[in-house]
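Participant: One structure, as structure tokens, below. Some questions next.
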Amino acid sequence: MKTKEIQGKMPQVEKTPVTRRLQDKLNYDELSNCMRCGFCLPACPTYRETGREASSPRGRIALMKAAVDGHLQNGKQLEDQLNQCLGCRACEPACPAGVKYGELLEQARDALEDHARHKVWVRVLRRFFFHFLFPHPKRLRWLGRLLIIYQKTGLQWLLRKLGFLKLLPSYLREMEAVMPAAASKGVAEQLGNFIPAQGKKKGTVGLFRGCVMDVLFTETNINTVTLLSEAGFDVVIPPQQTCCGALHAHSGEREMARSLARQNIQAFKQREVDYIVSNAGGCGALLQEYEHLLEDECEAKEARWFSERVKDISELLLDHGPVEKWGTLEARITYQASCHLQNVMQVKEQPRQLLRQIKGATYVELFEADRCCGSAGIYNLTQPEMSARILDEKMKHVRATKADILVTSNPGCLLQMKAGIQRAGLSDHMKAIHVVDLLAEVRQKGESRY
Ligand code: SF4
Ligand code: SF4
């Protein structure tokens, strides 16, 4: 229920513009559901790092409520705390009252963004990425081409050799060092828009190819299609699909996220698919939440049709992909969960079970694998210090697993894990890889035996 429907319950206070926007956008019933028990505190990475109440879910909800009730005239403290929140949503499963923290976070960021006075360069960058680039696959392809020029013509080598990259802040240097090879052609340009099932057909899946995913992780998209087709699914890749809108929704651009959601729903609705498959936890979680994103709109019924069909690739592969018939891999493997995959999509065991089925491999559980790695969309760029603290803590546990392979199921986590491996000096004996790519590698080893 929107706040405006229950205005009567709210204290009558002098309304600043921030108060008005928050009152209009925040769900006051949901805010009031928090009973201040504090069960969420140990689950929250930023509370664990700082020990500050204001940096906890309970503290942030209290700040939101104080702002809505008009007790916080200046939204600065609330804004700072919301910026520091990873949006990992580890607080939600820990909450006995079922407070929908993620929903409150998105609504509050949306309200604050309407009044944000960003520096000019921040405004330009936001406009460029959120409006000009991510929603346009063709422009992303051009970005891919530029990256290829940078990576393959010796320019990257030259800039590194000249020490030019040392001018960048350390977190950008670390990300540059682990950036994968870009592709100028995405999965549909390479495989077509329809890939038939092999053997007996079990159903039709629509591949959600993502935006950045299809430029920097095209190989993972190709492996996803191959594994699904071999598991008995016709795979369609609707060309009209666009960015999922997760970065928009998490950054206070809810209107843009809604518009992208509508486009994606129409793109898949035309194809009558049984499932819509994602291989990125961050995207999959928002795709599943389209129903909630569009709940007040006439598209709500279509959004439900869409959300009900969204699955993570690991769910379908566990049920239909014969991992035990593939090759062997003599390696010690561990797994870092994607926050949105486990906390929102509730996909926890499926990737682990797939890894445990690989013949010859030893699976070892990572201590606190369910804790955020500090990547969190663009958090590692906007809050580099906190992100690095969380990553360093994570890498202590990764080191203790003595694993050869660290597996993840989200591109942002994968890049963060690669950076962490380098940072921790583990790169000579450990690699990070997406679960789909590891399974594709194991399958190929099986093929080469015959
Ligand atoms: S666990 Fe839930 S109800 Fe308890 S303080 Fe945290 S958000 Fe509020
Ligand atoms: S989303 Fe994550 S960082 Fe933010 S309050 Fe919840 S647990 Fe803490």
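Laboratory data are not the source of any read-out in this text; all were calculated from the coordinates shown. All values derive from a computational prediction rather than experimental measurement. Because the Cβ atoms are built from the backbone with ideal geometry, glycine has one as well, and the counts that use them run over all protein chains shown.
Participant: Between Leu146 and Ser427, 0.36 nm times their residue separation minus their Cα-Cα distance comes to what? The partial results should precede the final answer.
Facilitator: Working: separation 281, 0.36 × 281 = 101.16 nm, distance 2.75 nm.
Full extension of this stretch gives 98.4 nm more.
Participant: With a Cα-only, solvent-free Debye model of the chain, what are the log10 I(q)/I(0) values at q = 0.07, 0.08, 0.09 Å⁻¹?
Facilitator: -0.36, -0.47, -0.60
Participant: What fraction, in whole percent, of alpha-carbon pairs in region 385-424 exceed 13 Å separation? Mind dumping the intermediate values first?
Facilitator: Working: 396 of 780 pairs.
Counting pairs separated by more than 13 Å, the tail of P(r) holds 51 percent.
Participant: Further question on the same structure: Where nothing but the Cβ of Lys and Arg (+1) and of Asp and Glu (-1) is charged, how large is the charge dipole of the chain around its Cα centre, in debye to the nearest 20?
Facilitator: It works out to roughly 1100 debye.
Participant: To the nearest µm²/s, what D does Stokes-Einstein give for region 7-164 at 4 °C and 1.567 mPa s, using the Kirkwood radius over alpha carbon pairs as Rh? Walk me through the numbers on the way to the answer.
Facilitator: On the way: Rh = 18.3 Å.
Once the numbers are plugged in, D ends up at 71 µm²/s.
Participant: Once the dipole of the chain is set up with Lys and Arg at +1 and Asp and Glu at -1 on Cβ about the Cα centre, which of Ala246, Phe128, Tyr290 lies farthest towards its positive end?
Facilitator: Among Ala246, Phe128, Tyr290, the one farthest towards the positive end of the dipole of the chain is Phe128.
Participant: May I pose another question? Taking region 169-235, which trypsin sites (Lys or Arg not before Pro) meet the DSSP loop condition and have no more than 14 other C-beta atoms within 10 Å?
Facilitator: Working: sites: Arg173, Lys185, Lys200, Lys201, Lys202, Arg209; in loops: Lys185, Lys200, Lys201, Lys202, Arg209.
Sparse-neighbourhood loop trypsin sites (Lys or Arg not before Pro): Lys185, Lys200, Lys201.
Participant: Can you pull the Rg over Rh of region 404-448, Cα-only, Kirkwood? Mind dumping the intermediate values first?
Facilitator: Values: Rg = 11.6 Å, Rh = 11.1 Å.
Over the Cα atoms of region 404-448, Rg/Rh equals 1.05.
Participant: In nm, to one decimal, how far is the Met179 label point from the Val364 one, both placed 7 Å along Cα→Cβ?
Facilitator: Using points 7 Å along Cα→Cβ, the separation is 3.3 nm.
Participant: Shifting gears a bit: Over all directions, the average projected area of the alpha-carbon convex hull for region 318-440 comes to how many nm²? Write out the running numbers ahead of the final one.
Facilitator: Values: hull surface 28.8 nm².
Convex hull of Cα atoms, orientation-averaged projection: 7.2 nm².
Participant: Dividing the Cα convex hull volume of region 208-264 by residue count, how many Å³ per residue is that?
Facilitator: In region 208-264, the Cα hull volume divided by residue count equals 82 Å³.
Participant: Moving on. Regarding region 48-126, what is the average projected area of its C-alpha convex hull, in nm²? Spell out each step's value before the answer.
Facilitator: Working: hull surface 24.3 nm².
The directionally averaged projection comes out at 6.1 nm².
Participant: Rounded to the nearest 500 deg cm²/dmol, what is the calculated helix-only ellipticity per residue at 222 nm for the chain, with -39500 (n - 2.57) per DSSP H run of length n ≥ 4? List each step's numbers first, then the result.
Facilitator: Numbers: 26 runs with 233 residues, N = 450.
Result for the chain: -14500 deg cm²/dmol, rounded to the nearest 500.
Participant: Inverting the mean 1/r over all pairs of different Cα atoms, compute the Kirkwood radius of region 158-217 and quote it in Å. Walk me through the numbers on the way to the answer.
Facilitator: Working: mean 1/r = 0.0667 Å⁻¹.
After inverting the mean inverse Cα-Cα distance, the result is 15.0 Å.
Participant: Suppose every Lys and Arg Cβ carries +1 and every Asp and Glu Cβ carries -1, with no other charges. What dipole size does region 335-450 come out with about its Cα centre, to the nearest 20 debye? Please report the intermediate quantities before stating the final value.
Facilitator: Numbers: 16 positive and 12 negative charges, 52 e Å.
For this selection, approximately 260 debye.
Participant: Could you give the spread of the C-alpha atoms of region 74-189 along their three principal axes, from largest to smallest, in whole angstroms?
Facilitator: 55, 37, 29
Participant: Under the rule that a partner needs its Cβ under 4.7 Å from the first Cβ, which Cys of the chain have none?
Facilitator: When partners are defined as cysteine Cβ atoms under 4.7 Å apart, the chain leaves Cys34, Cys37, Cys44, Cys85, Cys95, Cys298, Cys373, Cys413 without one.
Participant: Under 5 Å between amide hydrogens, which residues at least 5 positions from Gly327 or on another chain qualify, with H placed 1.01 Å from N in the peptide plane?
Facilitator: For Gly327, the qualifying residues are Arg443, Lys445, Gly446, Glu447.
Participant: Only Cα pairs within less than 10 Å get springs; with that Gaussian network setup on the chain, which residue of Leu112, Leu158, Leu355 has the largest fluctuation?
Facilitator: Highest fluctuation of the listed residues: Leu158.
Participant: Just subtract the alpha-carbon distance of Asp69 and Phe194 from 0.36 nm times their residue separation and send over the number in nm, one decimal.
Facilitator: Numbers: separation 125, 0.36 × 125 = 45.00 nm, distance 5.34 nm.
Working it through step by step, the gained length comes to 39.7 nm.
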